1. At 0.36 nm per residue, and after removing the present C-alpha to C-alpha distance, how many nm does the segment from Asp166 to Glu57 gain when stretched out fully?
2. Would you please put 146-152, 51-57 in order of how densely packed they are, using the mean number of other Cβ atoms within 10 angstrom per residue and starting with the highest?
3. Could you rank Asp145, Asp166, Asp15 by how accessible they are, 1.4 Å probe, largest area first?
4. First check a/c for the stretch 63-132, with a ≥ b ≥ c the square roots of the eigenvalues of its C-alpha gyration tensor; if it is under 1.5, answer rounded, and if not, answer prolate when a/b is larger than b/c or oblate otherwise.
5. Roughly how big is the chain's charge dipole about its Cα centre, with Cβ charges of +1 (Lys, Arg) and -1 (Asp, Glu), in debye to the nearest 20?
6. Between Lys28 and Arg71, with labels modelled 7 Å along Cα→Cβ, what's the label distance in nm to one decimal, could you check?
7. As a test of reading the structure, rank Ile20, Ile123 by solvent-accessible area (1.4 Å probe, protein chains only), most first.
8. State the answer as a single residue: which of Phe50, Gly161, Val40 lies farthest towards the positive end of the charge dipole of the stretch 32-164, with beta carbon charges of +1 for Lys and Arg and -1 for Asp and Glu, about the Cα centre.
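The values are calculated or read from the model by the stated rules, or taken from the named source; none is laboratory data. All figures in this text were calculated on a predicted structure; none of them were measured in a lab. Using ideal geometry, Cβ is built from the backbone for each residue, glycine included, and neighbour counts are taken over all protein chains shown. Ligands, DNA and RNA are stripped out before the accessible areas are found, and what is left, the full protein with its side chains, is counted by its heavy atoms. Shrake-Rupley method; radii C 1.70, N 1.55, O 1.52, S 1.80 Å.
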Amino acid sequence: MARPQHEERDSEFVDRLVHINRVAKVVKGGRRFGFAALVVVGDQKGRVGFGKGKAREVPEAIRKATEAAKREMIRVPLREGRTLHHDVTGRHGAGKVVLRAAPPGTGIIAGGPMRAVFETLGIHDVVAKSVGTSNPYNMVRATFDALRRETSPRQVAAKRGKKVGDIVGRRNDGVSDPMAATE
């Protein structure tokens, strides 16, 4: 049962198998085994989704999960196509995640389920920490909660009725630096 970690389907989506769980149903003659799969699908350009699938066979469960993930995709604004615009937290159940934007060359510093989400999303530099649970389902859902809260400067400017330049300001010019005023 040697299946690659991720493979390309439909030429634009990359899917990653995050977790497989063997579940048993006790019936009169003994136990009936089934499988539950958690899959993350993304286009590596800012769109990502996750899905669950259950079936008696592993490949069928993965197929169902992949189809569910493609139906429930979200778009996430990325800065320079490689990292987040700002730090953000998300939670689901007992799972809480903290996602931080990172400078170029940092890489993906994150645990297993979160790493799969970032790789399929197309983020190259991010620092993430999971607090509270190691349950892959809750970690993925908490990560998606955080990603839904992510906003771009363009969205904030439109909401406030300002220009993007007024929101962002220039970096490294001393004016937008809060520490420059105190020195």
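1. Computed gain between Asp166 and Glu57 is 33.7 nm.
2. 146-152, 51-57
3. Final ranking, largest accessible area leading: Asp166, Asp145, Asp15.
4. On the way: a/c = 1.83, a/b = 1.25, b/c = 1.46.
Verdict is oblate for the stretch 63-132.
5. Around 980 debye, computed over the chain.
6. For Lys28 paired with Arg71, the spin-label model returns 3.4 nm.
7. Values: Ile20 60, Ile123 5 Å².
Result of the area sort, largest leading: Ile20, Ile123.
8. Looking along the dipole axis, the top candidate is Gly161.
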